[in-house]
Amino acid sequence: MDDACFLGIDIGTSAVKALIVDSGERPVAGAEVALTTSRPAPGWSEQHPDIWWQAVQQALAEMSAAMPGVLGRVTAVGLSGQMHGAVLVGDDDRPIRPAILWNDGRAATEAIALNAAMPDLGEIAGVPAMAGFLAPKIAWLRHNEPDALAATRRVLLPKDWVRLQLTGEFATDMCDAAGSLLLDEAKRQWSATIVEAVGLRLEQLPRLLEGPDISGRITAAAAAATGLPEGIPVVAGAGDASAAGIGIGAVADGDAFISLGTSSQLFLTTADYRPNPAALVHAFAHALPGRWFQMAAMLNGASVMAWTAGVIGVPDLGAALEAVAERGRAISPVTFLPYLQGERTPHDDPAARGVFFGMDGGTDGIDLLQAAVEGMAFTLVDAVAALETAGPVPSTLAAVGGGSRGRFVMEVVASALGRPIRRYAGGERGPAFGVARLARLAVTGETVAEVCVKPELRDVILPNAERQAALAARLPLYRDLYRTLKPLFPR
């Protein structure tokens with residue numbers, strides 16, 4: 001297996017990322033293709049599934065052009081992707097409409113109704129219904145687009161549309177299925193009760209597999225379209241949160257990390273199913289057999305920094321963050337509520353919006369960008385508080401994802417949490433690396449303990465005492481702003 005390579009493909013919200021690693025887990029080739037999101041109405045968020053498949057083909061073509069022959073070395077493929085999206089497929093295996101994404105808030109009324117109709121939903125499915133999950137979206141479609149739902153033969157999650165193109169198979173993994181809100185988490189099988197409640201039939205849902213299970217093989221048509229070898233296996237893979245955990249080695253009870261991407265998560269691996277619906281903590285099946293996780297999910301992660309940079313007209317976010325660090329202020333004079341996409345944990349409020357508070361005539365773009373970083377960090381403070389309603393959160397946390405690259409950002413996070421942050425080599429590789437590991441497990445005969453190890457420690461970022469004190473003093477204002485403004489957000 002010395003020459004074997006493993007491909008991980010991550011269908012993100014802002015980009016498709018592909019990564020090939022060798023048998024020593026060294027990166028061999030990688031590519032990233034940007035995606036655009038359609039917002040046909042306030043609070044709505046959609047992408048057409050075809051753009052994911054096109055981006056996958058482009059990413060593989062770019063890797064092949066940069067390193068001829070590299071795709072021929074791929075032995076197995078793993079898939080990861082944004083969770084909760086509703087992909088409706090008709091009898092012709094084509095999408096009936098654009099996919100409704102995880103950060104779409106249109107199904108808020110349906111989520112409330114589903115919780116009222118099924119008071120035990122959070123215990124069964126791991127968390128109460130919220131607007132972004134697949135199940136309430138299906139209920140919304142039943143009420144608002146009944147013809148589309150009537151024409152639906154299959155319901156898939158985003159990465160599983162790409163699986164269909166690669167293998168011709170309808171399948172998913174336990175973690176992504178968990179995020180649909182249609183899974184009986186403890187039993188790791190579809191919940192017939194919930195499926196019926198939202199207006200679906202069990203036969204419309206994909207086969208359930210564990211993450212390292214082989215879901216199908218590259219077809220001749222897919223090989224011609226991508227350059228991948230015909231017949232190599234494609235494993236079930238993982239939803240992006242679980243995939244990031246596998247990449248960082250968070251596979252044992254008590255392993256915890258922060259993921260900073262378009263959204264952000266605080267993830268804690270558990271050895272059994274531990275629902276905590278009252279705190280809006282997600283208790284989901286991990287993508288490895290016999291493992292689950294608890295997660296606080298925030299809809300607004302590192303993306304709020306990029307958004308703010310765009311608003312203030314700064315083309316280079318990294319340089320702008322360096323300017324914030326060089327200014328040397330312990331805290332911005334401005335407070336920012338980062339709820340550009342609403343919020344999930346701990347508010348379950350798709351109507352929440354972003355707010356800059358405390359500006360005066362001297363406020364500049366650097367103040368606003370620092371406030372955006374701090375607002376994002378405060379969501380993680382709320383995340384820790386939510387998880388701690390059921391048990392302790394480790395005193396040191398790992399960090400992964402593109403947002404973890406900047407040292408200043410992670411110092412703010414460490415200071416807000418009052419916890420050291422560990423960064424591992426390759427931590428920014430994220431979900432694509434995690435599912436490349438799942439692909440490896442499928443074909444090598446190795447164990448989880450042998451493959452899903454923690455990467456080499458790169459550094460540990462400690463809280464800054466002055467910044468920690470300033471952020472702790474500001475936190476009550478941040479929380480009061482949300483409570484005060486909540487009745488004023490458009491609903």
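The values are calculated or read from the model by the stated rules, or taken from the named source; none is laboratory data. Quantities reported herein were computed from a predicted structural model and do not represent experimental measurements. So basically every Cβ, Gly included, is an ideal-geometry build from the backbone, and we count neighbours across all protein chains shown. To get the accessible areas, we keep the full protein, side chains included, count just its heavy atoms, and leave off ligands, DNA and RNA. Shrake-Rupley method; radii C 1.70, N 1.55, O 1.52, S 1.80 Å.
Would you say LEU181 is in contact with a helix residue (DSSP H, G or I) (Cβ under 9 Å, 6 or more places away or on another chain), touching a residue at least 40 places away in the same chain (Cβ under 8 Å), on the phi > 0 side of the Ramachandran plot and not in a strand (DSSP E or B)?
Yes.
Yes/no matrix, rows are residues, columns are (1) in contact with a Pro (Cβ under 8 Å, 6 or more places away or on another chain); (2) over 30 Å from VAL127 (Cβ atoms); (3) at pLDDT below 95; (4) in a helix (DSSP H, G or I):
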residue: MET305; (1), (2), (3), (4): no, no, no, yes
residue: THR308; (1), (2), (3), (4): no, no, no, yes
residue: VAL314; (1), (2), (3), (4): no, yes, yes, no
residue: VAL324; (1), (2), (3), (4): no, yes, no, yes
residue: THR345; (1), (2), (3), (4): no, no, yes, no
residue: LEU369; (1), (2), (3), (4): no, yes, no, yes
residue: GLU374; (1), (2), (3), (4): no, no, no, yes
residue: VAL381; (1), (2), (3), (4): no, no, no, yes
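Looking at this structure, is ALA297 at pLDDT below 95, part of a helix (DSSP H, G or I) and open to solvent by less than 40 Å² (accessible area, probe 1.4 Å)?
The answer is no for ALA297.
For SER332, all conditions in the list (1) more than 20 Å from the chain's Cα centre (by Cα); (2) open to solvent by 20 Å² or more (accessible area, probe 1.4 Å) hold save one; what is the number of the exception?
It is condition (2) that SER332 fails.
State all residues of the range 14-46 that are in contact (Cβ under 8 Å) with a residue 60 or more places away in the chain and buried (at least 22 other Cβ atoms within 10 Å of the Cβ); if no residue qualifies, say none.
LYS17, ALA18, LEU19, ILE20, VAL21, SER45
Could you tell me which residue of the range 411-462 is least open to solvent (accessible area, probe 1.4 Å), considering only residues that are of a type in the set (Lys, Arg) and part of a loop (DSSP other than H, G, I, E, B)? Even if it seems obvious, please write down each step before you answer.
Our first condition is that a residue be of a type in the set (Lys, Arg); within the range 411-462, this holds for 419, 422-423, 429, 437, 440, 454, 458.
From what's left, part of a loop (DSSP other than H, G, I, E, B): 419, 454.
Values: ARG419: 34, LYS454: 100 Å².
Per the criteria, the residue is ARG419.
Yes/no per residue for (1) farther than 25 Å from ARG106 by Cβ; (2) within 16 Å of the chain's Cα centre (by Cα):
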{"residue": "LYS17", "(1), (2)": "yes, yes"}
{"residue": "SER23", "(1), (2)": "yes, no"}
{"residue": "ALA31", "(1), (2)": "yes, no"}
{"residue": "GLY43", "(1), (2)": "no, no"}
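How many residues are buried (at least 24 other Cβ atoms within 10 Å of the Cβ), of a type in the set (A, V, I, L, M) and assigned to a loop (DSSP other than H, G, I, E, B) if we restrict to the range 129-178?
Going through the range 129-178 one residue at a time, the tally reaches 4.
For the range 204-265, please list each of the strands (runs of 3 or more DSSP E) lying entirely inside it that holds at least 1 residues being within 12 Å of ALA287 (Cβ to Cβ) and open to solvent by 10 Å² or more (accessible area, probe 1.4 Å). Before you say what the answer is, go through the steps one by one.
Numbers: elements: 207-209, 214-217, 233-235, 256-260.
The qualifying strands (runs of 3 or more DSSP E) are 207-209.
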